[in-house]
Amino acid sequence: MASSKCRWKPPEQWDDWSEWIAAGLHARHRWRLPVLLVGMLFAEGRRTVTTWLRAAGVADDFQSFYYHLSAIGRKIEPLATRMLSLILRILPLGDRVLLVIDDSPTKRYGPKVEGADVHHNPTPGPADQPFLYGHVWVTISLALRHPKWGPIGLPLRAMLYVRRKTMAVIPKSRGWFRFATKLQLAARLVEWAAPILKKAGKTVWVVIDGGYTKGPFLRRVLKIPRLVVVGRLRHDAALFDVPERIDPRRRRRGRPRIYGKRRLSLAKRAGQRRGWREIEATVYGRASVKRYKTFLATYRPVGGVIRVVIVKEDHGWFAFFCTDAGAMVKEILETFADRSTIEQDFHDVKEVWGAGQQQVRNIWSNLAVFNLNLWMHTLVELWAWHRPRSEICDRNDSPWDDPTRRPSHTDRRKSLRREILRAELKSLAEKWHLPRKIIALAKNLMTLGL
């Protein structure tokens, strides 16, 4: 049905995927979601919703599509569940999967944008602006290792953080009543994704930055059985030694100690010249030798024993932890390094797909458009996962570029667009018997325009 409403005919595989995700919506208007996805693929310039509709060829029905966005926003969880099940069905993930949690802002303008407020700016830039006005999105992503291209992140779902004082401005008719902190939103995302992955027989690891190494998040997610968390510690983290094991025959009444009596100082251990070891690990796509120290400690936000790893770099030292005390140092370092995939996701979603440029005011519509940008990123990565480099990008016209560099997300998006346009050109040539010069001109125009 989507193909008859849309200007472009996507590949059959893409059509199946988009219809599978859209099945989580009401049957009366689920056909609009695949149309929106194709419009997002071919949109150029400022990526507003109107640009999506123009690219899809359904601008005359703009009002219905705008109403449809609000319906998508209220169905984010079932749609994201179908996206995650699609990934499990398509990709060989292995026995252990890695979830990444982080948050990122999108700038918005205008006082009528629901849920927007002043937030700290994580990337001030040359202007050194400490604050920005817009939305903050707590996002969960699936970090995978591509056999040829290294670590790649597949964004799954985002939740909107709304400040408590901002909730009073949102109309009550929206039904947005419940306040939640970033830590609570992050815990909800893990509680949503982990059971789905465990049901598929996967062991779940979660990697976080220092901003989420706090008790309200850690204590909540660690209630999930056999879930492992890897993160970064503050330099002044309150660590204690591991209490000595007491013979049960000599133990006194009461519960045995969980935390040790002696306080451990990360700064002192990092400052000592003795005890450093070296290990080779693949971090950020490259094999490198790291100097480290490791030991066991107890940490109250975790509620027990953790494995601590201190890494010494030329510009300082960093401390990481893992809730699995038996984890190897190499896998802890490589796991935390794969956290960078979500940073690349945020860059691609904003620069390639234009997240934050959609001019919608309704809070549910804002939730819908940001998650749609995340899902477009994931779908394009899925489409390009098993395709060779030569099919995705051709650097013959760029002799200054590194031919061995892995294809960017923009390259994958352009490759999908070229495939759709070639299929359209082939169907026209078979139907109308176009001259060779016209076909060659069309191919050259596709190369220049994409």
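Of note:
- If the chain linking His29 and Arg405 were pulled fully straight, counting 0.36 nm for each residue of separation and taking away their Cα-Cα distance, it would gain 131.2 nm.
- Split the accessible area of the chain by element, probe 1.4 Å, and carbon with sulfur accounts for 50%.
- Among Gly115, Gly45, Gly24, the largest mean-square fluctuation in a Gaussian network model of the chain (Cα springs under 10 Å) belongs to Gly45.
- Region 358-431 shape via C-alpha gyration tensor axes, a/c threshold 1.5: oblate
- Considering only the chain, percent of DSSP beta bridges that pair antiparallel, nearest 5: 90 percent
- Dimensions of region 147-200 along the principal axes, based on C-alpha atoms and rounded to the nearest Å, stand at 49, 26, 20, largest first.
- For region 81-148, the C-alpha radius of gyration sits at 1.59 times the compact-globule guess of 2.2 N^0.38 Å, with N the residue count.
- [x] 91, 56, 47; [y] 81, 48, 45; [z] 85, 48, 40, with the label sought being that of the calculated Cα extents along the principal axes in Å: [x]
- For His146, the residues whose amide H sits under 5 Å from its own are Ile152, ignoring neighbours fewer than 5 places away on the same chain, with H placed 1.01 Å from N.
- Sequence ranges 123-133, 140-150, 277-287, ranked by mean other-Cβ count within 10 angstrom, highest first: 140-150, 277-287, 123-133
- GNM result for the chain, Cα springs below 10 Å: residue of Arg436, Arg47, Arg300 fluctuating most strongly: Arg436
- Each Lys or Arg adds one and each Asp or Glu subtracts one; over the other residues with Cβ under 13 Å from the Cβ of Asn366, this totals +4.
- Residues of the chain: accessible area per residue with a 1.4 Å probe, Å²: 53 Å²
- Note on exposure: Ser104, Ser427 ranked by accessible area (1.4 Å probe, complete protein assembly) read Ser427, Ser104, with the most exposed listed first.
- Of all the options Pro388, Pro435, Pro111, the one that moves most in a Gaussian network model of the chain with Cα springs shorter than 10 angstrom is Pro435.
- On full extension, the segment bounded by Glu313 and Arg163 gains 50.3 nm, given 0.36 nm per residue less the C-alpha separation.
- FRET E, pair Glu77, Arg436, Förster distance 45 Å, beta-carbon r, rounded to 0.05: 0.30
- Full extension of the chain between Asp128 and Arg286 gives 53.7 nm of extra length, using 0.36 nm per residue less the Cα-Cα distance.
- Label point at Leu91 placed 7 Å out along Cα→Cβ; residues across region 374-398 whose backbone nitrogen lies under 12 Å: 377-386
The values are calculated or read from the model by the stated rules, or taken from the named source; none is laboratory data. Here the structure is a predicted model, which is why all the values come from computation and not from measurement. With ideal geometry, Cβ positions are generated from the backbone for all residues, glycine too; neighbour counts draw on all protein chains shown. Surface areas here come from the heavy atoms of the whole protein model, side chains and all, with no ligands, DNA or RNA. Shrake-Rupley method; radii C 1.70, N 1.55, O 1.52, S 1.80 Å.
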